[in-house]
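Only one structure is covered here, and it is reproduced in the block below.
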Amino acid sequence: MNDDRRDKLRSLSIDRDDDERRGGGVSPVVLLSAMLVSAAIAAGAVWFVMQGDTGNAAPQQQTQTSTPPASTGQASTQTTATASGTAPAATTTPRVPRASGLVASGYVTARRQATVSAEITGRIAEVLVEEGAQVEAGEVLARLDDTRANLDLELIDSQIAAAEARVRSLEFQAREARTVTNRASSLFEREIASEAALTAAQAQQSSLEAQLRAARAELDSARVRRTSQVDLIARHVVRAPFAGVVIAKNAQVGEILFPGSAGGGFTRTGVATLVDMASLEIEVDVNEGQIQRVTPGQRVEAVLDAYPDWRIPARVEAIIPTADRSRATIQVRVALDERDARVLPDMAARVTFIE
């Protein structure tokens with residue numbers, strides 16, 4: 001079939017050499033026919049080529065279509081690899097099994113807690129602490145107005161000075177009276193002086209010695225009053241009875257501190273509340289039907305509600321030997337083996353008595 005097409009094309013071709021030899025021009029009809037035949041041949045060639053490209057494109061499309069499953073398999077492989085890579089990280093921190101046993105709830109309490117106050121009534125002149133302050137034993141927390149007390153101390157000092165001067169004066173007089181008495185006695189023995197003169201000298205000596213003893217007693221009393229006044233002035237200073245942390249500031253400057261009152265208004269019964277953080281423990285109520293499962297010294301695991309993942313080792317400190325009739329519980333004190341600043345008074349806690 002290809003040979004037939006070549007023969008037809010050859011028969012339709014124009015021999016330009018013959019035309020030139022004949023010297024004649026090309027007929028327009030022949031030229032138009034040749035152009036139409038050429039266009040048809042070109043269109044057939046283009047159709048043939050496109051058919052070939054279509055046949056080749058089909059397998060290529062199938063190949064491209066088969067590619068996504070391969071990528072899908074790769075994605076699933078990566079997902080599996082990632083999951084398998086994550087698993088060892090989780091196994092590096094194994095969870096510690098929780099202790100088993102009797103569980104009870106309670107609160108953190110302090111064995112040493114006090115509302116610090118003065119022993120006397122007075123106006124607060126200075127407060128030296130704030131909430132959260134760490135104080136040492138004997139540290140000054142506040143001062144009361146001690147102006148009147150200092151004035152009384154000055155008065156007592158002047159009374160002591162007067163008593164000392166009176167004692168010295170009476171000592172001189174008594175010494176002179178003894179000299180007069182000795183002289184009168186000597187003259188009476190030599191019968192130069194009368195018995196009345198001797199008696200008068202002895203009486204004067206006795207009177208001065210009595211006055212001297214009284215003056216000395218008054219001097220001692222004034223010195224004792226001074227000691228008492230100095231102690232009273234010292235009581236105007238409020239000091240920490242033990243080392244701890246101030247958890248509450250109960251008074252302000254200018255308020256009246258009256259330990260014997262019920263408080264209220266501008267009257268305060270204490271200056272600050274102090275807690276010894278080293279004495280913190282947990283108090284829990286155990287049902288009296290389960291108290292046989294608790295023994296002194298028993299190991300305990302404590303967990304604070306504020307830090308649920310922190311397990312604090314502890315032990316049973318004491319079992320209070322009395323029961324609460326209304327709740328049918330017995331109080332148990334649990335001592336903490338670890339001291340940490342995160343443990344605060346009145347925190348809720350849950351303890352497990354390890355069996």
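The values are calculated or read from the model by the stated rules, or taken from the named source; none is laboratory data. Nothing here was measured: the structure is a model prediction, and the numbers come from that model. So basically every Cβ, Gly included, is an ideal-geometry build from the backbone, and we count neighbours across all protein chains shown.
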With respect to Ser228, is the statement that it is at pLDDT 90 or above and of a type in the set (Ser, Thr, Tyr) true? yes
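Please tell me if Val343 is buried (at least 17 other Cβ atoms within 10 Å of the Cβ), part of a loop (DSSP other than H, G, I, E, B) and either touching a residue at least 40 places away in the same chain (Cβ under 8 Å) or touching a strand residue (DSSP E or B) at 6+ places or on another chain (Cβ under 9 Å) (or both).
So Val343 passes the test.
Could you check how many residues of the stretch 286-312 are of a type in the set (D, E, K, R) and either under 10 Å from Val103 (Cα atoms) or in contact with a helix residue (DSSP H, G or I) (Cβ under 6 Å, 6 or more places away or on another chain) (or both)?
Within the stretch 286-312, residues that are of a type in the set (D, E, K, R) and either under 10 Å from Val103 (Cα atoms) or in contact with a helix residue (DSSP H, G or I) (Cβ under 6 Å, 6 or more places away or on another chain) (or both) number 1.
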Of Thr93, Thr179, which residue is hydroxyl-bearing (Ser, Thr, Tyr), modelled with pLDDT under 90, part of a helix (DSSP H, G or I) and not assigned by TED's automatic domain parsing to the domain that holds Pro345? Thr179
Which one of the conditions (1) touching a Lys or Arg at 6+ places or on another chain (Cβ under 6 Å); (2) modelled with pLDDT under 95; (3) of a type outside the set (Gly, Ala, Ser); (4) not assigned by TED's automatic domain parsing to the domain that holds Gln252 does Arg168 fail to meet, given that it meets all the rest? (1)
Would it be correct to say that Glu288 is surrounded by 13 or more Cβ atoms within 10 Å (Cβ to Cβ), out of contact with any Leu (no Cβ under 9 Å at 6 or more places or on another chain) and not hydrophobic (A, V, I, L, M, F, W, C)? yes
Residue among Leu280, Leu232 that is of a type in the set (A, V, I, L, M, F, W, C) and buried (at least 19 other Cβ atoms within 10 Å of the Cβ): Leu280
Looking at the stretch 129-149, can you tell me whether even one residue there is without any contact (Cβ under 8 Å) to a residue 12 or more places away in the chain and either under 30 Å from Gly270 (Cβ atoms) or not assigned by TED's automatic domain parsing to the domain that holds Ala210 (or both)? yes
Residues located in the stretch 179-226, provided they are acidic (Asp, Glu) and without any contact (Cβ under 8 Å) to a residue 24 or more places away in the chain: Glu189, Glu191, Glu195, Asp220
Of the conditions (1) under 30 Å from Met277 (Cα atoms); (2) part of a helix (DSSP H, G or I), Glu131 satisfies every one except a single condition; which number is it? (2)
Could you tell me how many of the residues in the stretch 192-243 are assigned to a helix (DSSP H, G or I) and more than 60 Å from the chain's Cα centre (by Cα)? 22
